[in-house]
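Read the figures in this text as sums done on the coordinates, not as results from a lab. As the structure is a prediction and not an experimental result, all values here were calculated from the model. Positions of Cβ are generated from backbone atoms using ideal geometry, with glycine treated the same way; all protein chains shown enter the neighbour counts.
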């Protein structure tokens, strides 16, 4: 690999001169020197802007200025810059933002022959000159990306590929970068994330960075861009504006014939929830079936042989002809019970479901199962809340030497870090209390590890799924209550040997989680 | 049929047989009257019969005096008398007259019919003349025709079996005999209440026309009735024949149908037997198949169990494999880390050695310069300022000593 040559594309339209100067200076200050800066003036009203541009052009031969004869908008200006680019990669820099001095050097360090797109962490630059609100981004997360244009700045794209996909599209102005990156990443061989803040996004009143409500037309453009993205990938579904500014919601549909096997291991336990007595498994399945329109379902209940006949009869009345009963007469082993259920199942997709849950979201099965129709997705998990609506599970976090739940115990009113509690996203793992896998994935990974009868079998499963190259997704819109540990009192405490077992297989997760880098 | 022919038929041999009073003793009355009922006024049957006869006789002829010729035990006399008629009777049987009921006995006499004398409004002669020889009968008719203008006659024309019926004649013969004596039948009265052949004769001066009218008057309705009855009979016969034929046909049909049905029944029965056999065979087959099915099901269940078990084991084996692979990778990465640190250590060691060497060289050079210094010192020792020089050089001597020990 020869050293990369970067073309920095900067459309310019009437920025404050000192701001523009700082921006260009940040380029000139780069430790990596093999770059060109293409400044395209989109017919700024004031000549001072153009004077300044030419001043820099004269100062450094790597700076080139293109003057558009008339204003064409950011996409046209960007395309002019793209046309002039001679670099192997294009880096997108707005006319008021700053590059960190080692930005290009860091990018150059990760460039390889198969890398087509690189993005970095970013923060914001206040009017007072302070940096704040660092966005510590996840490693490449296509599912999250189609819910939020999280890669944003700094984005560095292989020039050849950008030209191949047709460059910027003016009809998506406002979200022209989102639209471009969607099209590039659909074709990209490898996407690399640099977990370093290499870009400072300047807050100027009226800019998108300062006021997310400032550019609603951008969200509508993004919505269209995403719909086209889904259509191109043949993902069946529609795009809606998301619950927070800058987020989107993908409503997927699934083939009604897709057979879903819900596997529920149970001991037939009962207890109090919200002051009322209930038999967990009965209410779990009642709510599970009430909250879905998908009909091609079988429910496999793996029950301990001591379970009362009355309870099984009650299950039959709730689940009717969808019910398959599998008796289990061995000592407690959650993994083995699930595996037994899997062996008895016939679905294209299996959903492992604890019996101490209650479904909240309508169409939870569709939400959970639909992303699995993308072959690169191996497993999906749900958003689980405790009885008091605090968070039980919002995806796993493996880092700093421990395996744990993200956002555990905090209120579900939280939107998370950069809205990551509101949208679907990639994660290292999900809980087996409610997760879905395609049949062949479950088979390939050998199901749940029976050497882990109580804890960490889901951690191990998640590792296995990702080891085979599949993505694991946390699904924000598949919400359930999980009355955890009410049904299993003997396995709430994690044993040292369980930690040792997982550590022996997968090593201790030193450093940061690749997806949730939240301190 | 003509009158001549009737006469010709009547010309039967009539041997002059005569019965006597003793022929009509107790045994006669016990056995010859056709019924078991004793021929006695005490018998309700006979009393009722004769009372009826007496009432009809009174109604038709309204007589004051009646003579019953051949009155036997006087039952008709007694019956007439009870109707208020002055009736008397004669009979040839002493037994009969003497065994008569005491109420009527005084009005009866033992006498033959041919000896009848006196004058009466009516003479009745019931079943008497056939018991008399033809000549006695002729005399009796003469006697009666002298004693009365009306004579009620009944004489059986057909009972030839009764041994005392020595002179059985047809009514026509008796009617002719009376006609010879100027007595003609009253064709307008019907004495069927007594016998079918009973006739009432009356002395009359009748012209041929009257006689012919009287009989034709009877004849025509009889002929019409006969013709109609013949036609009806023929019709009945034909209908009967037709019905018979139908019946025969029906019977034949029934037979044929019966035969067909029988055959069908036969077929059905054999079919049934066949089907029963088949059903039994099928039942056996079904049972065998069920057994086989159960066996197969059991084997299938076994195989499912085995398959599930194998699939479970395969699943756990995959887990073990992937786990082992992961473990190996973890070890490899640790090994590489250790390797890397080992290399780093070796590098550091080499660097340290080099550093040590350079230190040693430095030390050596120090040694040399010290030795040079020592030489100069020795030279200095000889000099005046040696004491001061010693104090300066001493620490170097110590360092030199340490360097030598290493």
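The mean number of partner chain beta-carbon atoms within 10 angstrom of a residue's beta-carbon across peptide A:448-454 is 3. The ratio of the alpha-carbon radius of gyration of the protein assembly as shown to the globular-protein estimate 2.2 N^0.38 Å is 2.47.
Per residue, the convex hull spanned by the Cα atoms of the range A:260-506 amounts to 120 cubic angstrom. Assuming R0 = 30 Å, can you tell me the calculated FRET efficiency for the pair residue B:103 and residue B:23, based on Cβ-Cβ distance, to the nearest 0.05? The value I calculate is 0.70. Between B:378, B:330, B:61, the GNM of chain B built on Cα springs shorter than 10 angstrom shows B:378 fluctuating the most. Of all DSSP-defined beta bridges confined to the range A:6-242, some 30% are antiparallel rather than parallel. Would you please state which residues of the range A:16-37 a label at residue A:3 would reach in this model, taking the label point 7 Å out along Cα→Cβ and a backbone N cut-off of under 13 Å? In the range A:16-37, the label zone of residue A:3 (backbone N under 13 Å from the point 7 Å along Cα→Cβ) covers A:31-36. Which FRET efficiency value, to the nearest 0.05, is calculated for residue B:170 and residue B:220 with the Förster distance at 22 angstrom and r the Cβ-Cβ distance? Calculated transfer efficiency: 0.55. You can think of it this way: the chain between residue B:324 and residue B:195 has 32.4 nm of extra reach, that is 0.36 nm per residue less the Cα-Cα gap.
Extending 7 Å from Cα along the Cβ direction at residue A:133 and again at residue B:203 yields two label points whose distance is 17.4 nm. Shape class for the range A:193-310: prolate, because the ratio a/c of the largest to smallest gyration tensor axis (alpha-carbon atoms, square roots of eigenvalues) is 1.5 or more and a/b beats b/c.
Comparing Cα centroids, the range A:88-166 and the range B:213-254 end up 134 angstrom apart. Panel order for A:274, A:474, B:174, by other beta carbons found within 10 Å of each beta carbon, from fewest to most: A:274, B:174, A:474. Can you bin the range B:3-205 into rounded, prolate or oblate? Criterion: square roots of the alpha carbon gyration tensor eigenvalues sorted a ≥ b ≥ c, rounded for a/c under 1.5, prolate for a/b above b/c, oblate for the rest. Oblate is the answer for the range B:3-205, as a/c is 1.5 or above yet b/c matches or exceeds a/b. Taking the DSSP beta bridges with both ends in chain A, the antiparallel portion is around 45 percent.
Could you tell me which of rounded, prolate or oblate describes the range A:369-410, using a ≥ b ≥ c as the square roots of the eigenvalues of the alpha-carbon gyration tensor, with rounded for a/c under 1.5 and, failing that, prolate when a/b is larger than b/c and oblate otherwise? Because a/c hits 1.5 or more and a/b fails to exceed b/c, the range A:369-410 counts as oblate. Of the beta bridges in the protein assembly as shown, as assigned by DSSP with both residues counted there, near 40 percent are antiparallel.
Taking each DSSP H run with n ≥ 4 as -39500 (n - 2.57) and averaging over every residue of the protein assembly as shown yields -15000 deg cm²/dmol at 222 nm.
Counting only alpha carbon atoms, the long axis of helix A:17-28 and the longest principal axis of chain A meet at about 80°. At a Förster distance of 25 Å, what's the computed FRET efficiency of residue A:510 paired with residue A:235, Cβ-Cβ distance as r, to 0.05? Efficiency, from the Cβ-Cβ distance: 0.10. Of the peptides B:273-284, B:185-196, A:374-385, the ranking by mean beta-carbon count within 10 Å, highest at the top, reads A:374-385, B:185-196, B:273-284.
When A:35, A:364, B:197 are sorted by how many other C-beta atoms sit within 10 angstrom of their C-beta, beginning with the fewest, the order is B:197, A:35, A:364.
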